Amino acid sequence: MTTTPNKHLRQDRTLDQRMCAIARMSFGISHDLNNALGAVQSNAGILRNHLPGDSPLLTNLNHIQHATHHMIDLSHQLQIYTQHQKVALQSVDLRTLLAESIATFRPKLPEHCRLQDQSPRGRLTVETCPLMLENAIMAILQNALDALQGLPGTITIETSIGQSRIEDDHALMLGTLPATDHVALIEISDTGEGIFPEVLEHIFEPFFSTRLRARGMGLTPVVGLAFHCNAAVRVVSRPHHGTNVQLLLPIPEHQGLRSSCD
C-alpha cells in the first residue's frame, strides 16, 4: 500500500522532465523558425518594392506575407509558452473576436458538419491577449472537428456570464481565475466520440493526439492562454456523449455584470 504514492511521485517527475525537454526543444525550434520567417518576410517586402503597382504577382506576395506574419505570431506564442514570458493583457470584445474566428474556421467544415453560433448579440469585454485567445479558440474548434471523425455532427458555440466556481466531478480543470464572482464563459461543444477518462488527463500535454495523423500543436494554445492570461479551462467529456470545452475569462472590474446578456 505504501508503494502507490512513490509510484505517482516517480510518474510526476518523469512527466515534468519530459515537459522540460519538450519546452527546451520547442523554444529552439521556434527561435530558428522565427529567424527563417523573418528572412522570408524581408525578401517579400524587397520584391514588393520592385514590382509595378498593377502586377498580378502582388496577390501572391500578399498571401506570402500574410502567412509568414501568422506563423511569426505562432512562433512568438510558442516561445511565450515554453519560456513563461509575460503577456500584455488588453480589453477585447469577446463576441467580435469569436465571430472573426468562426468566419476563419467555417470554410474548413465538410458539408455534413454544422457549426452553430448561439451567442447572444451585444458587447462582452474581457481582459486577455487577443492573439492567444484566437489561437486557443481555433485549436478547440479543430479538436472538435477531429472528434467528429468525418461523420455528420454539430459543433455548438455559446457565450455567457458564468460563475467562476462550478463543481463538477467529471471535469478536467486547467488554470486559475482571480478572485471574482463572475467571468465570461465560452462553451464549445461537439457531438463527437467523447474522450475516455484515461485519455482526458493527457489532452493538455504539448502536441498530444490520439490520432495517427496528428497535426499542429494540439491544445497547446489553450494551455498558453490559461497560464498567461488569468484564464481557466474546464473540459467535460464522456465516451460516446461528446465533449464540452469551457474557456473562463476575467471581466474588467469597471464592466462587471453589465457585460450583458443584452
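The values are calculated or read from the model by the stated rules, or taken from the named source; none is laboratory data. Model, not experiment: these values are computed from the prediction. No Cβ is skipped: glycine too gets one built from the backbone with ideal geometry, and neighbour counts run over all protein chains shown.
Output yes when any residue across segment 42-65 is touching a residue at least 40 places away in the same chain (Cβ under 8 Å) and farther than 30 Å from Ile195 by Cβ, and no when none is. Full working, then the answer.
First pass over segment 42-65, keeping only residues touching a residue at least 40 places away in the same chain (Cβ under 8 Å): none.
No, segment 42-65 contains no residue that is touching a residue at least 40 places away in the same chain (Cβ under 8 Å) and farther than 30 Å from Ile195 by Cβ.
Tell me, which residue of segment 131-172 that is part of a strand (DSSP E or B) and of a type in the set (A, V, I, L, M, F, W, C) is modelled with the lowest pLDDT?
Taking segment 131-172 first, the residues part of a strand (DSSP E or B) are 153-163, 171-172.
In the following step, the residues that additionally are of a type in the set (A, V, I, L, M, F, W, C) were identified as 155, 157, 161, 171-172.
Values: Ile155: 96, Ile157: 95, Ile161: 85, Ala171: 77, Leu172: 81.
Once the filter is applied, the top-ranked residue is Ala171.
Look at segment 54-67 and say how many of its residues are more than 20 Å from Gly38 (Cα to Cα) and either modelled with pLDDT under 85 or polar (S, T, N, Q) (or both).
Qualifying residue count for the region: 1.
Restricting to segment 173-205, name every residue that is closer than 29 Å to Glu253 by Cβ and either at pLDDT 85 or above or in a strand (DSSP E or B) (or both).
If the condition is that a residue be closer than 29 Å to Glu253 by Cβ and either at pLDDT 85 or above or in a strand (DSSP E or B) (or both), then Met173, Leu174, His182, Val183, Ala184, Leu185, Ile186, Glu187, Ile188 are the ones that fit.
Any residue at all in segment 8-31 that's modelled with pLDDT of 80 or more and closer than 28 Å to Pro221 by Cα? Give the derivation first.
Step one: of segment 8-31, the residues modelled with pLDDT of 80 or more are none.
Scanning segment 8-31, I find no residue that is modelled with pLDDT of 80 or more and closer than 28 Å to Pro221 by Cα, so the answer is no.
Within segment 83-123, can you find the residues that are among the hydroxyl-bearing types (Ser, Thr, Tyr), over 23 Å from His66 (Cβ atoms) and modelled with pLDDT of 90 or more?
Initially, segment 83-123 is screened for residues among the hydroxyl-bearing types (Ser, Thr, Tyr), giving 91, 96, 101, 104, 119.
From the residues that got through so far, the ones that are over 23 Å from His66 (Cβ atoms) too are 91, 119.
Within segment 83-123, Ser91 is the sole residue that qualifies.
Assess whether Ala44 counts as being farther than 30 Å from Ile155 by Cα, among the hydrophobic types (A, V, I, L, M, F, W, C), surrounded by 15 or more Cβ atoms within 10 Å (Cβ to Cβ) and at pLDDT below 90.
Working: farther than 30 Å from Ile155 by Cα: yes; among the hydrophobic types (A, V, I, L, M, F, W, C): yes; surrounded by 15 or more Cβ atoms within 10 Å (Cβ to Cβ): yes; at pLDDT below 90: yes.
Yes: the conditions hold for Ala44.
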